[in-house]
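The values are calculated or read from the model by the stated rules, or taken from the named source; none is laboratory data. Predicted model only: the values in this text are computed from it and were never measured. Virtual Cβ from ideal backbone geometry, glycine too; neighbours counted across all protein chains shown. With ligands, DNA and RNA removed, areas are computed over all heavy atoms of the protein, side chains included. Shrake-Rupley method; radii C 1.70, N 1.55, O 1.52, S 1.80 Å.
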Amino acid sequence: MNSRELERYLRDSFRQGEEIRAEKKAETVACCREVMSRYGDCREEERTGFWQFLSDVFRFEGFLTFSLQAGVLFLICIQLGIIEDVMHYVPAFTPLFALAVMPTLLRSQFYKMGEMEAVTRASGAEIILAKLILAGAVNLIGITVVLGLAMYRQQSGEGTGQIILYGLVPYLVCMTTILRLIRLRRKERLPVCAVATTGYCLVWGISATKMPQVYETSAVGVWMILFIAFAGFFGREIRLIIEKKREGKLYGIIG
């Protein structure tokens, strides 16, 4: 057998193999379709609505979220009953509610399940958004109780707007920082978020002791500017989460 005959033989053999593989593939596909039509339900599964998904997240995460927030609220109420300048120390306490949110938001990273969460039918952004709604509702109740207790300790309606600003600005700062770290940082987000939030608490606590002029009436304008700025930053992060949810994408980077 010369080289031309060998080449022709090999070419015919490869072609025959391609035909056989194509026939086997078509046969396999036909068998699978037959099995599915006989034993399976080929109808497209209806997607779970967001509010149903939120209800499922509530059943799974609700106990942990409520327990942490209740513990933080209890500790804050004890401290507010002891200290004198209640209004000055409110900014040091409300970030603790943001700190209590982190175990819920970053549970997948703690258990190293970020990749598994990313490939579920619910996008990672949808999971984050549902957890934020759940934690935000609980935080709103806790912060309202803290501000109400602070106003009661003041024994006066004066400074009500100031107390609200003192409570909301630090909370928005912490929540914005946590969301940005989730979105931009690949690794070690949990300890970095914890350190950042704890640092904010210490900074606000030190300012209450060392810089009381920050809490005078003349500084209300500065607090208003901070509130508007960080409310805008926080709203931007929420908008990004909603956009990622619509696109079915993950919010943040898989660590």
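Here are the numbers:
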| item | result |
| --- | --- |
| Principal axis dimensions, region 50-247 - Cα atoms, whole angstrom, descending | 52, 30, 29 |
| Estimated translational D of region 142-182 in µm²/s (Stokes, Kirkwood radius over Cα pairs; 37 °C; 0.692 mPa s) | 294 |
| Shape metrics for region 136-255, restricted to C-alpha atoms - Rg then Dmax, Å | 16.6, 51 |
| Peptides ranked, highest mean first, by Cβ atoms within 10 Å: ranges 76-84, 223-231 | 223-231, 76-84 |
| Of all accessible heavy-atom area on region 50-247, the percent that carbon and sulfur account for (1.4 Å) | 68 |
